[in-house]
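The values are calculated or read from the model by the stated rules, or taken from the named source; none is laboratory data. This structure is a prediction, so every number in the text was calculated from the model and none was measured. A quick note on method: Cβ atoms are made from the backbone with ideal geometry, for glycine too, and the neighbour counts reach across all protein chains shown.
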Amino acid sequence: MDNNQSLLEPIQLGDLTLKNRVIMAPMTRSRADNSGKVPTADLQGKYYQQRASAGLIITEGSQVSEKAVGYVNTPGIHTKEQTEGWKEVTKMVHEKGGKIFIQLWHVGRISHPDFHNGDLPHAPSAINPEAKSYTPDGFKDTVTPKEMTLEDIKQTIQDFKNAAKNAWEAGFDGVEIHSSNGYLLHQFFSSTSNKRKDIYGGYKQNRARILFEIIDEIKTVMPENRIGLRLNPSLHEIFGMTLNEDTIPTFDHIIEKLNNYDLAYLHLSEPFNDVSDVEHAETEIAKRYRPVYEGNLIINAHFDREKGNKVIKNGDVDMVAYGKPYISNPDLVERFAENAELAEWDEDTFYTPGHKGYTDYPKTEEEVEV
Ligand SMILES: Cc1cc2nc3c(=O)[nH]c(=O)nc-3n(C[C@H](O)[C@H](O)[C@H](O)COP(=O)(O)O)c2cc1C
């Protein structure tokens, strides 16, 4: 037993105490395989309950409206039925002493007309990301989306607010605004995907505006210190995002401005791929933004136990989020504590339906559940 690890120390997020700093990263799993896109106790409830020893679970991205969806069978948080489903899930996690935030998601131009009765997906500008959308009929090429009107933007801000209200009613400990990974809010931030001429385009302050309007609305329906958000400043050549001379100044602006809020945390990702030779890329996200952001910082991407302990001990971040290791190691915290071997994840089951590759990964020394 090696309890002398920074990852295993508790931390305070406002009035919320996390028992350790091992965070389960949000991961889409396409398991809400029903017409209402409702999470169930049998699937999502069990999955997250098995992982309740995490300091904090951040759920899979959950669409804030019909328009927000872009992957097959992802759960929503915009209907009464979905809210009731999530109530079961949060109850099961809380019963095991866990804490859980829901990730609020709008994919923007990564969606496909197949999700919208043939209508175009929404985006800041009519620019095709030339990516793939995971539709009910498999992967399809993305299309040129519709440029959102001011009315569409207003509605989307209200959709985030409504989703946060539902999340709070469903018993979540908080919400994470998905403003990362090339989805709608990230599309607004980037001057390659946002060519608008109105108050949501042009200057970095304008491209970031929608995020702050969403935060301002959400904090009217739940405590500000239970709102987190996620950014991936160096995402490059994934989902049509590319870096340019505006990228770093834009993220500098956003992160400086976040200091005006009393948020639960800021969740950053190190570059997903090697950007060391890419112009305008920041290769060390935690190091750049620790001196800028005054609140709690989570870092993610490609961490193991050793690197996680080190980055906290060095003072670069406060918590570390683990993605794929959490898919295959429901007892990741216990394994870290024991310095036990980690189980390998099975990528073939990532976006498939049912229990397989989801709730059937055993804890250490446990038989496989069938
Ligand atoms: C199957 C899968 C689904 C994912 N879905 C989401 C998601 O819904 N929201 C999100 O912000 N990131 C998502 N991610 C990214 C992860 O949160 C994380 O950033 C990534 O896996 C890198 O962390 P890791 O190296 O610890 O796995 C997903 C990753 C995987 C593997």
Practice problem: Go through (1) of a type outside the set (S, T, N, Q); (2) in contact with a Phe, Trp or Tyr (Cβ under 8 Å, 6 or more places away or on another chain); (3) under 28 Å from residue 34 (Cα atoms) one by one and return the number of the condition residue 355 breaks. | Solution: (2)
Quiz prompt | Selection status of residue 327, over 22 Å from residue 363 (Cβ atoms), aliphatic (A, V, I, L, M) and touching a residue at least 24 places away in the same chain (Cβ under 8 Å) | solution = no
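Check whether at least one residue in the range 79-90 is modelled with pLDDT of 95 or more, within 27 Å of residue 172 (Cα to Cα) and not in a helix (DSSP H, G or I), and report yes or no. So that I can check it myself, show each step before the final result.
Taking the range 79-90 and keeping what is modelled with pLDDT of 95 or more, we get 79-90.
Next cut, within 27 Å of residue 172 (Cα to Cα) only: 79-90.
If we keep only those that are not in a helix (DSSP H, G or I) as well, we get 79.
Checked against the condition, which is being modelled with pLDDT of 95 or more, within 27 Å of residue 172 (Cα to Cα) and not in a helix (DSSP H, G or I), the range 79-90 yields at least one hit.
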Exercise. Go through (1) part of a loop (DSSP other than H, G, I, E, B); (2) touching a helix residue (DSSP H, G or I) at 6+ places or on another chain (Cβ under 6 Å); (3) of a type outside the set (A, V, I, L, M) and name the single condition residue 195 misses.
Key: (2)
Quiz item: Across the range 182-228, what is the number of residues that are crowded, with 19+ Cβ neighbours inside 10 Å, farther than 27 Å from residue 142 by Cα and either β-branched (Val, Ile, Thr) or free of Cβ contacts under 8 Å to residues at least 40 places away in the same chain (or both)?
Solution: 3
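Restricting attention to strands (runs of 3 or more DSSP E) lying wholly within the range 210-327, give those where 1 or more residues are out of contact with any Asp or Glu (no Cβ under 8 Å at 6 or more places or on another chain) and of a type in the set (Ser, Thr, Tyr).
Values: elements: 227-231, 265-269, 297-300, 319-322.
Those strands (runs of 3 or more DSSP E) span 265-269, 319-322.
Among the candidates 74, 28, 59, single out the residue that is closer than 26 Å to residue 334 by Cα, within 13 Å of the ligand (Cβ to nearest atom) and assigned to a loop (DSSP other than H, G, I, E, B). Reasoning before the result, please.
Values: 74 fails: closer than 26 Å to residue 334 by Cα; 59 fails: assigned to a loop (DSSP other than H, G, I, E, B).
Criteria check complete, one pass: 28.
Test residue 17 against the criterion of being assigned to a helix (DSSP H, G or I) and away from the ligand (no atom under 13 Å from the Cβ), and give yes or no.
Working: assigned to a helix (DSSP H, G or I): no; away from the ligand (no atom under 13 Å from the Cβ): yes.
It is false that residue 17 is assigned to a helix (DSSP H, G or I) and away from the ligand (no atom under 13 Å from the Cβ).
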Quiz item: Residues of the range 62-71 being within 13 Å of the ligand (Cβ to nearest atom) and either in a strand (DSSP E or B) or of a type in the set (Gly, Ala, Ser) (or both), which ones?
Solution: 62, 63, 68, 70, 71
Quiz item: Can you spot a residue in the range 209-222 that is over 20 Å from the mean Cα position of the chain (by Cα), of a type in the set (S, T, N, Q) and within 28 Å of residue 167 (Cα to Cα)?
Solution: yes
Self-check item: Total residues in the range 122-153, condition within 21 Å of the chain's Cα centre (by Cα) and either outside any loop (DSSP other than H, G, I, E, B) or under 14 Å from residue 188 (Cβ atoms) (or both)
Solution: 9
Quiz item: Is there any pair with a first residue in the range 123-145 that is of a type in the set (D, E, K, R) and a second that is in a loop (DSSP other than H, G, I, E, B) whose Cβ atoms are under 7 Å apart and which are 6 or more apart or on different chains, and what are they?
Solution: 130/142; 130/240; 132/142; 140/112
Quiz prompt | Failed condition for residue 337, given (1) assigned to a helix (DSSP H, G or I); (2) within 11 Å of the ligand (Cβ to nearest atom); (3) out of contact with any Gly (no Cβ under 8 Å at 6 or more places or on another chain); (4) touching a residue at least 40 places away in the same chain (Cβ under 8 Å) | solution = (2)
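Report, by residue number, each residue of the range 102-121 that is in a loop (DSSP other than H, G, I, E, B) and surrounded by 15 or more Cβ atoms within 10 Å (Cβ to Cβ).
The first filter runs over the range 102-121 and keeps only residues in a loop (DSSP other than H, G, I, E, B), leaving 106-107, 111-112, 116-121.
Of everything in the range 102-121, those that are in a loop (DSSP other than H, G, I, E, B) and surrounded by 15 or more Cβ atoms within 10 Å (Cβ to Cβ) turn out to be 106, 107, 111, 112, 116, 120, 121.
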